[in-house]
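Notes to accompany the following structure.
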Amino acid sequence: MFDWFYTLLTPLEYAVAAIMVAFHTVLSSIGLPADSGWTWALSIVGLVVVIRILLIPLFVKQIRASRAMQLIQPQMKKIQEKYKGKNDTASRQAMQQETMALYKESGTNPFASCLPILLQSPIFFALFRVLNGISQHKTIGPFNAALVEQADHAKLFGAQLSDTFTHANTTATRVLTVVLIILMSLTTFTTQRQLMTKNMPASALDNPFARQQKMLLYVLPLFFAISGVNFPIGVLIYWLTTNLWSMGQQFYVIRRMPAPGSEAEKALKARQERKRATLQSAEAAVATGGEAAVPAAPVSGQRQQPKRQKRNQRGATRAPAPAPSAPKRPGGSSSRPGKNR
């Protein structure tokens with residue numbers, strides 16, 4: 001029934017196998033054991049890195065589309081209120097035309113936010129088939145019989161990468177799968193919550209689209225928790241790694257390009273204001289310190305002599321000298337001016 005789908009996946013399976021083998025070769029050449037589960041697990045991580053780098057433009061587009069969809073919800077609500085209770089063909093057509101005009105004016109697309117997930121889904125299924133084929137000794141391109149045999153016996157914490165929880169034969173496999181499923185669900189929840197709580201204005205959180213997103217906030221982790229028991233450990237590692245990548249990438253985008261009116265934008269403006277105030281304080285401190293640090297240089301290189309004014313000030317503290325007495329005349333009497341004999 002799904003033979004046509006598996007036929008379409010064949011090129012992707014070949015690409016997934018080639019990337020994993022390439023990373024395995026590089027990791028083995030730098031000293032990691034070729035038959036170690038860590039080497040194969042890191043090869044899966046390398047596969048995630050390659051895929052997510054290729055999807056960066058679509059991820060940015062997804063963030064912007066999701067943000068734009070949230071921001072136009074007040075206008076969407078007005079359109080819905082305008083045609084509320086009108087079920088005739090003309091009203092429905094007019095409502096659809098106004099909605100499409102709003103999408104065009106805001107430059108958004110309701111399906112753009114789903115593109116990264118939709119494009120990752122075939123890769124996810126291709127990886128599932130590659131890892132699931134290890135236990136069946138299935139070779140795919142460069143993933144030859146020797147490497148398949150090596151990967152089949154590789155263990156991570158005592159569990160094989162191709163094992164699943166439902167077909168687990170050891171306690172180590174059950175424990176590892178449960179831990180990976182919990183981490184995968186938590187990272188999915190955190191990534192979705194980060195987008196809703198930090199990058200959406202309060203006015204955009206009270207509408208049907210926001211309520212739908214809030215429902216997905218709890219439904220998606222539950223879906224992964226339930227379906228994860230059928231995923232091989234290698235697929236769980238892939239999904240956990242891509243969730244961590246998405247969370248970090250989304251944190252960076254939200255921090256640098258927040259939605260208008262959101263908490264992230266307020267935090268960005270606060271950081272910019274603190275940075276501006278710190279820069280101004282530093283410039284003022286440099287200017288003030290520069291003036292105070294310039295000493296009064298002497299006119300010449302000779303030693304400065306004490307100023308005359310200081311000597312006068314020191315002399316002023318002494319008692320004044322007595323006035324000279326009048327010269328005495330012969331006979332012992334002194335001459336007094338202004339008197340005649």
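None of the figures in this text is laboratory data; all of them are computed from the coordinates on show. Bear in mind that the values here come from a model prediction, so they are computed numbers and not experimental data. A quick note on method: Cβ atoms are made from the backbone with ideal geometry, for glycine too, and the neighbour counts reach across all protein chains shown.
Exactly which chymotrypsin sites (Phe, Trp or Tyr not before Pro) in the stretch 138-178 are in a DSSP loop and have at most 14 other Cβ atoms within 10 Å? Answer in residue order: PHE157.
Compute the Kirkwood hydrodynamic radius of the stretch 152-197, taking the inverse of the mean of 1/r over all pairs of distinct Cα atoms, and give it in Å to one decimal. It would help to have the intermediate numbers written out before the result.
Working: mean 1/r = 0.0846 Å⁻¹.
That comes to 11.8 Å for the stretch 152-197.
Taking label points 7 Å from Cα along the Cα-to-Cβ direction, THR170 and THR278 give a separation of 5.0 nm. Kirkwood's formula applied to the C-alpha pairs of the stretch 1-106 gives a hydrodynamic radius of 18.5 angstrom.
Sequence gap at least 6, Cα distance under 8 Å: using those rules, report the relative contact order of the stretch 20-168 to the nearest whole percent.
Values: 110 pairs, mean separation 43.5, N = 149.
Contact order relative to length: 29 percent.
Taking amide H as placed 1.01 Å from N in the peptide plane, the amide H of LYS155 sits under 5 Å from that of GLY37, each at least 5 places away or on another chain.
Determine the sum of side-chain charges near LYS84: Lys and Arg each +1, Asp and Glu each -1, restricted to other residues whose C-beta is under 11 angstrom from that of LYS84. Before the final figure, lay out each step's value.
Working: positive: LYS77, LYS78, LYS82, LYS86; negative: GLU81.
Around LYS84, the charge tally is +3.
Pairs over the 24 Å Cα-Cα cut-off, from the set LYS84/LYS104; LYS82/LYS266; LYS61/LYS86; LYS77/LYS104; LYS78/LYS104: LYS82/LYS266; LYS61/LYS86. The chymotrypsin sites (Phe, Trp or Tyr not before Pro) of the stretch 1-102 that meet both conditions, a loop assignment by DSSP and at most 11 other Cβ atoms within 10 Å of the site Cβ, are PHE2. Along the stretch 226-239 the Karplus relation, 6.51 cos²θ - 1.76 cosθ + 1.60 evaluated at θ = phi - 60°, assigns HN-Hα couplings of 6, 6, x, 5, 9, 8, x, 4, x, 5, 4, 5, 4, 5 Hz to successive residues, with x for each Gly and Pro.
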